[in-house]
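Only one structure is covered here, and it is reproduced in the block below.
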Amino acid sequence: SFELKHGIDPLAVLDRLRLIILSSHLSDNRTLAIPVAQTIFWELGAERRAEMGITDGLVRLSVGIEPVADLQADLRNALASFNG
């Protein structure tokens, strides 16, 4: 898992990925990503998520069999327009 800077929309970042798949199903040999607060813990509400340390920018990554350099490049490219 990794956490985005405050104010960065994880769905906007994940929409820019080309290799990594945005998915709520984390059982695959490909690399998958899921915005945690907006999906699997949404029903708990913001207060309970905060108590658990789940921020709105938390992204869960399930790493697959792709080359590490390709995954790094995909994440770098997706994040590039959000750096600032």
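Observations on the model:
- Over all pairs of different C-alpha atoms in the chain, the reciprocal of the mean inverse distance, the Kirkwood hydrodynamic radius, equals 13.2 Å.
- Look at the alpha carbon pairs under 8 Å that are at least 6 residues apart: their mean separation over the length of the range 1-55 gives a relative contact order of 23 percent.
- Amide N proximity, the range 9-46 versus Ala73 label position 7 Å along Cα-to-Cβ, cut-off under 14 Å: 18-20
- Taken per residue, the accessible surface of the range 3-51 reaches 64 Å², heavy atoms only and a 1.4 Å probe.
- Potential extension, Leu11-Asp28 segment - 0.36 nm per residue separation minus Cα distance: 4.1 nm
- Taking all protein chains together, Glu66, Glu51 sort by accessible area into Glu51, Glu66, largest first [probe 1.4 Å].
- Taking label points 7 Å from Cα along the Cα-to-Cβ direction, Ile21 and Ile65 give a separation of 1.3 nm.
- Between 0 and 90°, nearest 10: helix 68-80 axis offset from the chain longest Cα axis: 60
- About its Cα centre, the dipole of the chain is roughly 140 debye, where the only charges are +1 on Lys and Arg Cβ and -1 on Asp and Glu Cβ.
- For the range 1-57, with all protein chains in place and a probe radius of 1.4 Å, 51% of the accessible heavy-atom surface sits on carbon or sulfur.
The values are calculated or read from the model by the stated rules, or taken from the named source; none is laboratory data. Bear in mind that the values here come from a model prediction, so they are computed numbers and not experimental data. When we count neighbours, we look across all protein chains shown, and the Cβ atoms used for this are built from the backbone with ideal geometry, even at glycine. Side chains are part of the model used for accessible areas, which takes the heavy atoms of the whole protein and leaves out ligands, DNA and RNA. Shrake-Rupley method; radii C 1.70, N 1.55, O 1.52, S 1.80 Å.
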